[in-house]
Structure formats: C-alpha cells, structure tokens
Amino acid sequence: MNAVLRFQTTLPSGHLLSLRQGDITDEAVDAIVNAANVGLVHGGGVAGAILRRGGQIIQDESDRLGKVPTGSAAITGAGTLAARFVIHAVGPVWRGNTPEKNDLLLAAASTASLEIARERTLDSIAFPAVSSGIFGFPKDRCARVMVEAVTNWAAEHPDDAPRDLRFTIIDAITVNVFEAELERQFAGAG
C-alpha cells in the first residue's frame, strides 16, 4: 500500500521535504532510516518491522558492524525491501539524559543519517520518528528536533543529495504531530 502524502514543501535549498503516512518498509527510496539501538539488535518497533520485511541479511550485516554510538548512524543493505539501503540511526533513550542533551543526540543521529546518504550520493531518504516509540522521546519534541535537523542540513548542503527528504510514519497520532510541526515551521510555504 502506498503511503499517503500529508505535507510537502520545497525548501529554499531546492530539497523536497514531505510527510507521508504509511509503512516505511514499503518506501521505494534509496534509503530508509531505522530507529536503531546501540547494539543494532533489530527486535521491536520500526527495527523489527524492517527486519521482518527485509530479511535476516539486515541483522547479519548489522552484527558485523557492531555497536554504533547514540547520536550517530551506520548503513547496511536493505535485503528484500523496496529501498536500496537501511541507515540505522541511533537516537537517545529519553530517560537517559537531560531533555537538551536528548535533543542534541536526536539531531546528531538525524544529521549523521543524511551525511551517510550524501557521501553515497543517494537521492532519496525516508525517516521514521526516531526515538519516539519505546525510547520514550516525546512526539512533539521529536517532530521539532527532527524537522529542524533535516531543514538545517538541507540549508547547509544546497547542492547535495539526497534531494528527496521524507518522513514516513505509520501511526496516525505521530503523523498528526509531525504534520502540525511542519505546518508551524512552514506556514504558507506548502
């Protein structure tokens, strides 16, 4: 099933920023972002869904990578997914730090994902709401931090890929929170 477009705007840098409601594992983009843990053990949430749809090869490649620090990211193939790659972004566990430190770590994980995509000249990337599930990051704060991180990266890299920047989120509550944040930040720009 195709994701439903909920918001779209062209950033001043020329990058296309969109929000889609749907299953990120269905996205036919160059890379989908996985909301990963430090050990890259893909058991539940988005990570579990990616592993179930993409196959054990994703976990096998992740095991070879080892640990990935919070606030950074790593890349593997995508197995049988529609995407070409999975970028594993390690966001913070909310109760592990101060709110300000969590914001910095989530922004860093988002930016690290974009940098991996840029280095590989991937043209399209889809993000879930990293850390907002079992890691407990408040959804409204997650939306603000991630949208700002992506738009700041685009402003700093006006000529660079990826050009197609997506948030693809399956649950209505989180999609609504991201849509409200995008409308707040881009009032009249849609």
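Using 0.36 nm per residue of separation minus the Cα-Cα distance, give me the extension gain between ILE173 and ALA155 in nm, one decimal. Answer, rounded to one decimal: 3.6 nm.
Relative to the present Cα-Cα distance, how much length would full extension add between VAL41 and ARG84 at 0.36 nm per residue of separation?
On the way: separation 43, 0.36 × 43 = 15.48 nm, distance 2.00 nm.
Working it through step by step, the gained length comes to 13.5 nm.
Taking each DSSP H run with n ≥ 4 as -39500 (n - 2.57) and averaging over every residue of the chain yields -12500 deg cm²/dmol at 222 nm.
Extension gain, GLU100 to ILE134, is 10.3 nm, computed as 0.36 nm per intervening residue step minus the present C-alpha separation.
Under the simplified labelling scheme, the THR121-LEU5 pair shows an inter-label distance of 2.7 nm, with each label point 7 Å from Cα along Cα→Cβ. Net charge dipole, segment 24-185: roughly 500 debye, given to the nearest 20, about the Cα centre with Cβ charges of +1 for Lys and Arg and -1 for Asp and Glu.
Throughout, read-outs are computed from the coordinates displayed, never taken from laboratory work. If you're wondering where the values come from, they're calculated on a predicted model, not measured in any experiment. Note that we place each Cβ from the backbone using ideal geometry, even for glycine, and neighbour counts take in every protein chain shown.
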